[in-house]
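Comments concern the structure below.
The values are calculated or read from the model by the stated rules, or taken from the named source; none is laboratory data. Keep in mind it's a predicted model, so treat the numbers as computed, not measured. Methodologically, a virtual Cβ is constructed for each residue, glycine included, from the backbone with ideal geometry; neighbour enumeration extends over all protein chains shown.
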Amino acid sequence: MVKRYVLSILVKNHSGVLRRVSSLFARRGYNIESLSVGVTQDTDVSRITVVVRGDEYIIDQIKKQVSKLIEVIKIELLDDDEAVYRELMLIKVKTTKATRAEILEIADIFRAHIIDVSISALVLEATGDNKKLAALIKMLQPFTILEIVRTGLAAINRGSVCLKD
């Protein structure tokens, strides 16, 4: 059965490591749905979060292939029930005097922040899981969405469980 999987990968913070990891996916025909990377509390280590769709066999193959890369310290499949997922979205919405108050009300409901205001548009910043951001987009569609920019998924285990080398 095809489903969404979130992989958390600790890598040595070397130039080209992201290219090597992502090209491994491409060479094997696996589509990356989301990818984010950033340095960890240890500046010599980065964390790559990858979202892919597939079945258990494909995910097992991905984990085996990625773990063979020299720069990879550890790879872990995150469990939806035991991890926290967040994504950042910037969304530019067309506005007029008549619609501005309603858009601000929707932003408040979703705890989105207004980060830019002009005569004809508002830019909102929202964070949350995929369902929350999709719901915000749906609520704002009647006002004409001009642009959307989204980061990749950031994910971390709940509680004291840590991904360590």
task = Inspect the stretch 39-48 for any residue being assigned by TED's automatic domain parsing to the domain that holds VAL11 and under 25 Å from VAL2 (Cβ atoms) and give the result as yes or no.
result = yes
ask   = Would it be correct to say that ILE119 is hydrophobic (A, V, I, L, M, F, W, C) and touching a residue at least 12 places away in the same chain (Cβ under 8 Å)?
value = no
message = Every residue in the stretch 123-150 that is part of a helix (DSSP H, G or I) and more than 22 Å from ALA98 (Cα to Cα), please.
response = ASN130, LYS131, LYS132, LEU133, ALA134, ALA135
message = Looking only at residues that are hydrophobic (A, V, I, L, M, F, W, C) and more than 28 Å from ARG4 (Cα to Cα) in the stretch 115-128, which one is surrounded by the fewest Cβ atoms within 10 Å (Cβ to Cβ)?
response = ILE119
inquiry  = With the structure loaded, tell me whether ILE91 is among the β-branched types (Val, Ile, Thr), under 30 Å from ARG27 (Cα atoms) and surrounded by 15 or more Cβ atoms within 10 Å (Cβ to Cβ) or whether it fails that test.
reply    = no
request  = Would you be able to say whether some residue in the stretch 107-115 is under 28 Å from ASN13 (Cα atoms) and among the aliphatic types (A, V, I, L, M)?
outcome  = no
Scope the stretch 1-20; condition out of contact with any strand residue (DSSP E or B) (no Cβ under 6 Å at 6 or more places or on another chain) and surrounded by 15 or more Cβ atoms within 10 Å (Cβ to Cβ); matching residues = ARG20
query = Does VAL45 satisfy being surrounded by 15 or more Cβ atoms within 10 Å (Cβ to Cβ) and more than 14 Å from the chain's Cα centre (by Cα)?
reply = yes
key: Lone qualifier among ALA134, ALA112, ALA83 - being exposed (fewer than 14 other Cβ atoms within 10 Å of the Cβ), of a type outside the set (D, E, K, R) and within 23 Å of the chain's Cα centre (by Cα)   = ALA134
